[in-house]
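Undergrad: Structure in structure tokens, see below.
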2 protein chains.
Amino acid sequence: MIHHLFLPVLGNEILSRLEDQASCSLRPHAEATLAFTTDSFVVRPIFFPGGDIGKLAVYGTVNDLAMGGATPLFLSAAFILEEGLPIDDLRRVVVSMREACDAAAVTLVTGDTKVVDRGKGDQIFITTSGVGFVPAGRSLSAASCRAGDRIILSGTIGDHGIAIMSVRENLEFETTLESDTAALADLTRVMLEVCPGIRCMRDPTRGGVSSALHEIAAASHVGMSLSETAIPVRAEVSGACEILGLDPLYVANEGKLIAIVPRDEADRVIEVMRAHPLGARAAVVGEVVDEHRGMVVMRSRVGGERVVTMLAGEQLPRIC
Amino acid sequence: MIHHLFLPVLGNEILSRLEDQASCSLRPHAEATLAFTTDSFVVRPIFFPGGDIGKLAVYGTVNDLAMGGATPLFLSAAFILEEGLPIDDLRRVVVSMREACDAAAVTLVTGDTKVVDRGKGDQIFITTSGVGFVPAGRSLSAASCRAGDRIILSGTIGDHGIAIMSVRENLEFETTLESDTAALADLTRVMLEVCPGIRCMRDPTRGGVSSALHEIAAASHVGMSLSETAIPVRAEVSGACEILGLDPLYVANEGKLIAIVPRDEADRVIEVMRAHPLGARAAVVGEVVDEHRGMVVMRSRVGGERVVTMLAGEQLPRIC
């Protein structure tokens, strides 16, 4: 839909880059670049272990800014409420957004509310937009990766998607599996401090790690080679994925990032990530290669290789 | 809801001003101020005489920026689509947005799309956010109006709301009544050129002229005195309002503005407005007074005065 409908009609130099955030050069402010992003959140259920739609809406947009190397500053929030939504539910979401803004050090500066008739919405939809600034000289891009670069993952994958599914499907685990929803801007800040040359970063949300790596592989005309044993996955997530017939590589994350980093700087980046609460389980999970361009290939536990295919649609609907 | 739920929880210096747009001072960019706004559009039907939800979503957000004296620059758009929406309808909306962006000289730089199951949305909802810059030294505020200031209206009122209602209620007019949806940024530009001291501007959308004037009256601790004969209303709109039991003062507009202007500068402002296609019927419709503070009073055709009360809810649901 993006390539066949939106881009041909709406495309322009900035939109067509298809980065998670728009970086708008402001001629009168030549030293820095404005970053601007938007996302609608329609997650179901609106409350889930580890978070809720409000927290997700704040962190999701903050993370889209952070992935571009921006310092997130200002947020907007637009609510579409279904008639009959209990006011206490709305309050709980709004309180959660406030806490999330404080935790992420962003200011929600403008908003809007619309109410639609019962049966024309689903409790609450939230669209957040975010504005931030990218320091002069910093330029992260999915198109800048080269063979030899290391693929870094900040922690376990699939937690968010499986937390949502476990509520929907009434799965029982020995411990409650929680969404990983978190603001990544402080983590990216310390990473960029030690390694200003990070090629690009992505938060693997809808479509998971697989989609994010496919995007980067296509943009940089490189291949991605992953090592299955290096990818951190919680036992509960592996178990749930087996039951549900899902592959953790496709499951959404809301507090994790992928960074493509020049080979010689990977150790330094991993070190500062592991010292940060949101990167404690950071690991090099693979490398960028000249072979199988545009593709993602995984070396399995037993030594074989398999192509990680790109999913056409969404594996899990309404996950964020 | 804003005062009892959102502000107590989310309030901060900028959000609490309750301007239509957030003006964010950027310390490293001290010369100018970033303007940032958001609105969700849930209008029903999505196509109506004179426009559609896409055009409305672009112009509505452009106008929110323009009312703050900003030059609109960048837009984001987030779509929540109901499963089963005909692709041709979506395409028509997207094409219309492109045309609207071109007409308004803004660039749509980022976006998002979510799909919700059938019966959990209503065809298409669009949330647009906008970013612009307010030149250094310019500061429009609803709190800055003083007794003696003139109230200027840029043209006929009620066109948008009645165009929507006429489709919904199947009203027949001799001529098709069209929505006035339009981008007002070029009109505000010429107005501010001749009168940099305009106190404040508002586009009277939901809640109409009445709501906008009540907001300003409250913020400036002044009264608003309107002259019924001076307010331009199309005959079809008057007629439809009578049939539907509506007061044009409460009906939504999408291409009109109210400006509060120092008395001695009103003539000059009216002159440039009338020379502009979107201000051809601009008129002084009243003045700011020291009496009946916080209230809006209308001198009627026959010389009497009546208080224009503030509506508690929305007179017309899903008008934008």
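Undergrad: Treating the point 7 Å from Cα along Cα-beta-carbon as the label, what are the nm separations from B:Val307 to the other copies, to one decimal?
TA: Reported distances to equivalent positions: 7.5 nm.
Undergrad: Taking each residue of A:115-124 in turn, how many C-beta atoms of other protein chains fall within 10 Å of its C-beta, and what is the average?
TA: Values: counts 6, 8, 5, 0, 4, 10, 9, 6, 1, 0.
Whole-number average of other-chain Cβ neighbours for A:115-124 is 5.
Undergrad: If you don't mind, there's one more thing I want to ask. Which shape class applies to the protein assembly as shown: rounded if a/c is under 1.5, otherwise prolate when a/b exceeds b/c and oblate if not, where a ≥ b ≥ c are the square roots of the Cα gyration tensor eigenvalues? Could the numbers behind the result be given before it?
TA: Working: a/c = 2.23, a/b = 1.89, b/c = 1.18.
Prolate is the answer for the protein assembly as shown, as a/c is 1.5 or above and a/b outweighs b/c.
Undergrad: How many angstrom lie between the Cα centre of the range A:85-99 and the Cα centre of the range B:54-89?
TA: Computed from Cα coordinates, the inter-centre distance equals 26 Å.
Undergrad: Would you mind giving the mean number of other chain beta-carbons within 10 Å of the Cβ of each residue in A:101-112, as a whole number?
TA: On the way: counts 2, 0, 0, 0, 0, 0, 7, 7, 16, 18, 10, 13.
Counting other chains' Cβ atoms within 10 Å and averaging over A:101-112 gives 6.
Undergrad: Right, here's the next one. Write out the GluC sites (Glu not before Pro) in the range B:272-320 meeting two conditions: DSSP loop, and at most 16 other Cβ atoms within 10 Å of their Cβ.
TA: Values: sites: B:Glu287, B:Glu291, B:Glu305, B:Glu314; in loops: B:Glu291, B:Glu314.
Filter output for the range B:272-320: B:Glu291, B:Glu314.
Undergrad: Would you mind counting up the charge near B:Arg263? Only other residues with Cβ under 12 Å from its Cβ, with Lys and Arg at +1 and Asp and Glu at -1. Provide the component values of the computation, followed by the final result.
TA: On the way: positive: B:Arg146, B:Arg150, B:Arg199, B:Arg268; negative: B:Asp149, B:Asp264, B:Glu265, B:Asp267, B:Glu287.
Once positives and negatives cancel, what remains is -1.
Undergrad: Between the label point of B:Thr113 and that of the same position in each other copy, find the distances and list them shortest first in nm, with every label point placed 7 Å from Cα along the Cα-to-C-beta direction.
TA: Distances to the matching label points in the other copies: 3.1 nm.
Undergrad: If you build a Gaussian network model of chain B, linking Cα atoms that sit under 10 Å apart, which residue out of B:Met67, B:Met224, B:Met310 swings the most?
TA: B:Met310
Undergrad: Let me ask something else. What spacing in nm lies between the two simple spin-label points modelled at A:Asp267 and B:Asp264, each 7 Å away from Cα in the Cβ direction?
TA: 7.5
Undergrad: Given A:Lys256/B:Lys114; B:Lys114/B:Lys256; A:Lys55/A:Lys120, which pairs have Cα atoms separated by over 30 Å? All intermediate terms of the calculation are to be shown ahead of the outcome.
TA: On the way: A:Lys256/B:Lys114 21 Å; B:Lys114/B:Lys256 32 Å; A:Lys55/A:Lys120 24 Å.
From A:Lys256/B:Lys114; B:Lys114/B:Lys256; A:Lys55/A:Lys120, over 30 Å: B:Lys114/B:Lys256.
Undergrad: Run the simple label-point estimate for B:Arg281 and B:Ile243 please: 7 Å along Cα→C-beta, distance reported in nm.
TA: In this crude spin-label approximation the distance works out to 1.8 nm.
Undergrad: Quick one: grab the alpha carbon gyration tensor of the range B:176-270, order the square roots of its eigenvalues as a ≥ b ≥ c, and give me rounded if a/c is under 1.5, else prolate or oblate depending on whether a/b is larger than b/c. Numbers along the way, then the final one.
TA: Working: a/c = 1.99, a/b = 1.47, b/c = 1.35.
Since a/c reaches 1.5 and a/b is larger than b/c, the shape of the range B:176-270 is classed as prolate.
Undergrad: For the protein assembly as shown, report the accessible area per residue in Å² (1.4 Å probe, heavy atoms, rounded to an integer). Walk me through the numbers before you get to the answer.
TA: Values: 24830 Å² over 640 residues.
Accessible surface, normalised per residue, equals 39 Å².
Undergrad: Further, regarding this structure: Do the sum for the protein assembly as shown: with -39,500 (n - 2.57) for every DSSP H run of n ≥ 4, divided by all residues, what is the mean residue ellipticity at 222 nm, to the nearest 500 deg cm²/dmol?
TA: Result for the protein assembly as shown: -8500 deg cm²/dmol, rounded to the nearest 500.
Undergrad: So, one more: Within the protein assembly as shown, what percent of beta bridges assigned by DSSP are antiparallel, to the nearest 5? Mind dumping the intermediate values first?
TA: Working: 88 of 114 bridges.
Antiparallel bridges make up about 75 percent of those DSSP assigns within the protein assembly as shown.
Undergrad: Also: Can you tell me which of B:Arg206, B:Arg91, B:Arg189 moves the most in a GNM of chain B? Springs connect C-alpha atoms under 10 Å apart.
TA: Taking springs between Cα atoms under 10 Å, the residue moving most is B:Arg91.
Undergrad: Next up: Take the solvent-accessible surface of the protein heavy atoms, probe 1.4 Å, and return the percent of it on chain B that carbon and sulfur atoms account for.
TA: Details: 6060 of 12420 Å².
Solvent-exposed carbon and sulfur of chain B make up 49 percent of the total.
Undergrad: Further question on the same structure: Label points 7 Å out from Cα along the Cβ direction at A:Ser300 and B:Ala136: separation in nm?
TA: In this crude label model, A:Ser300 to B:Ala136 measures out at 6.5 nm.
Undergrad: DSSP loop (so not H, G, I, E, B), at most 10 other Cβ within 10 Å: list which trypsin sites (Lys or Arg not before Pro) in the range A:229-313 pass both filters.
TA: Values: sites: A:Arg234, A:Lys256, A:Arg263, A:Arg268, A:Arg274, A:Arg281, A:Arg293, A:Arg299, A:Arg301, A:Arg306; in loops: A:Arg234, A:Lys256, A:Arg281, A:Arg293, A:Arg301.
Within the range A:229-313, the qualifying trypsin sites (Lys or Arg not before Pro) (loop, at most 10 other Cβ atoms within 10 Å) are A:Arg301.
Undergrad: Can you pull the three principal axis extents for the Cα set of the range A:150-308, in Å, largest first?
TA: Principal extents (largest minus smallest coordinate, Cα): 44, 34, 26 Å.
Undergrad: Which of B:Ile87, B:Ile164, B:Ile151 ends up with the largest GNM mean-square fluctuation for chain B, with Cα atoms connected below 10 Å?
TA: Largest GNM mean-square fluctuation: B:Ile87.
Undergrad: Checking the a/c ratio against 1.5 first, then a/b against b/c, what shape does the Cα gyration tensor give for the range B:110-239? Walk me through the intermediate numbers first.
TA: On the way: a/c = 2.07, a/b = 1.26, b/c = 1.64.
The shape class here is oblate.
Undergrad: Defining a contact as two alpha carbons under 8 Å apart and six or more residues distant in sequence, what relative contact order in percent does the range B:150-308 show?
TA: Details: 327 pairs, mean separation 67.3, N = 159.
Reported relative contact order: 42 percent.
Undergrad: What order, most packed first, do the peptides A:70-83, B:101-114, B:53-66 have when packing is the mean number of other Cβ atoms within 10 Å of each residue? Mind dumping the intermediate values first?
TA: Values: A:70-83: 24.2, B:101-114: 21.1, B:53-66: 29.4.
Descending mean neighbour count gives B:53-66, A:70-83, B:101-114.
The values are calculated or read from the model by the stated rules, or taken from the named source; none is laboratory data. From a predicted model like this one, the values you see are computed outputs, not experimental measurements. We place every Cβ from the backbone using ideal geometry, glycine too, and count neighbours over all the protein chains shown. These area figures cover heavy atoms from the full protein model, side chains too; ligands, DNA and RNA do not enter into them. Shrake-Rupley method; radii C 1.70, N 1.55, O 1.52, S 1.80 Å.
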